[in-house]
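For reference, the structure discussed in these notes is given below.
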Amino acid sequence: MYTIKLRDTLEPIPVGKIVCLGRNYSEHIKELGNEIPDKPVIFIKPSTSIIPDASTVIIPDYSDDCHYEVELALLIGQTGKNISRDNAMQHIAGYGVAIDLTLRDVQTRQKEKGLPWEIAKGFDTSCPLSDFVPAADVTDPHQLQLTLKVNGELRQDGNTALMMRQIPQIIEEFSAIFTLEAGDIILTGTPSGVGRVQSGDIMTAEIKQVGHLAVSVA
Ligand code: MG
């Protein structure tokens with residue numbers, strides 16, 4: 001069973017599903033040449049994709065182009081279905097830092113063929129995750145600076161203020177499709193600056209007030 005830690009909570013929390021939003025920052029949509037979606041672009045990573053801080057990413061041998069995407073992660077603390085945006089924030093137990101690792105070459109082929117993305121997004125080690133901080137400790141989740149460095153060099157530098165769908169809307173839309181259970185995690189999309197990593201690289205992701213995460217590539 002895959003678990004995460006919420007600061008000030010003694011027991012590790014078992015993770016359910018990881019529901020992810022794609023194309024939520026306009027500059028990132030432009031850099032990949034995608035269209036701005038009117039409906040949310042949603043996919044799921046299995047809990048088996050999680051690795052903790054200070055661990056190692058293993059790029060599958062069917063890809064030659066693994067990209068990092070730093071994202072704000074939400075930990076659901078209260079189960080709900082059809083959650084309204086007015087009630088959405090009370091379902092969040094905490095915030096964390098995630099890297100949504102993506103096999104861009106594989107994803108591009110899948111997109112071209114109209115096939116699902118799981119083999120590009122859900123492989124083992126594709127979801128490095130930090131520990132979570134309690135939601136009450138974050139002043140405003142829509143004013144958080146996100147950065148990602150590769151081998152110490154800044155590659156992504158965005159702010160959650162630039163999200164096109166804000167958190168209450170994401171929870172409303174996701175929970176109309178999936179019951180969100182305590183222990184589920186939501187990834188909220190990545191700002192621009194995504195790029196490739198290769199064997200020997202070290203990725204360091206940080207969100208002010210939330211935490212940081214460093215993983216290496218095998
Ligand atoms: Mg992403």
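The values are calculated or read from the model by the stated rules, or taken from the named source; none is laboratory data. Keep in mind it's a predicted model, so treat the numbers as computed, not measured. When we count neighbours, we look across all protein chains shown, and the Cβ atoms used for this are built from the backbone with ideal geometry, even at glycine. Just so you know, the surface numbers come from the protein's heavy atoms only, side chains and all, with ligands and any DNA or RNA stripped out. Shrake-Rupley method; radii C 1.70, N 1.55, O 1.52, S 1.80 Å.
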Just grab the label-to-label distance for Asp137 and Ile177, each label 7 Å out from Cα along the Cβ direction, in nm (one decimal).
3.1 nm
Multiply the residue gap between Thr79 and Asp53 by 0.36 nm, knock off their C-alpha separation, and tell me the result in nm, one decimal place.
6.7 nm
Taking 0.36 nm per intervening residue step and subtracting the Cα-Cα distance, what contour gain separates Asn151 from Asp64 on full extension?
29.4 nm
Heavy-atom accessible area per residue - the chain, 1.4 Å, Å²
45 Å²
Could you check what % of the DSSP bridge pairs in the chain are antiparallel, to the nearest 5?
85 percent
Distance in nm between Lys111 and Ser199 label points, each 7 Å along Cα→Cβ, equals 2.8 nm
When a/c is below 1.5 the answer is rounded, else prolate if a/b is larger than b/c, else oblate, so apply that to the chain with a ≥ b ≥ c taken from the square roots of the Cα gyration tensor eigenvalues.
rounded
For the pair Lys208/Arg7, report the inter-label distance in nm, with labels modelled 7 Å from Cα in the Cβ direction.
1.5 nm
Report the one residue of Ala135, Ala54, Leu115 whose Cα lies farthest in the direction of the positive end of the charge dipole of the chain (charges on C-beta: Lys and Arg +1, Asp and Glu -1; origin at the Cα centre).
Leu115
Taking 0.36 nm per residue of separation between Ile42 and Asn87 and subtracting their Cα-Cα distance, the length gained on full extension comes to 14.1 nm
Taking the stretch 3-217 and dividing mean pair separation by its residue count, relative contact order in percent (alpha carbons under 8 Å, at least six apart):
33 percent
How large is the charge dipole for the stretch 45-91, taken about the Cα centre, if only the Cβ atoms of Lys, Arg (+1) and Asp, Glu (-1) carry charge, to the nearest 20 debye?
440 debye
Any idea how far the Cα center of the stretch 60-78 sits from the one of the stretch 182-218, in Å?
7 Å
Sparse-neighbour loop sites [trypsin sites (Lys or Arg not before Pro); the stretch 73-154; at most 12 other C-beta within 10 Å; DSSP]:
Lys81
If the only charges are +1 at each Lys and Arg Cβ and -1 at each Asp and Glu Cβ, what is the size of the charge dipole of the chain around the Cα centre, to the nearest 20 debye?
300 debye
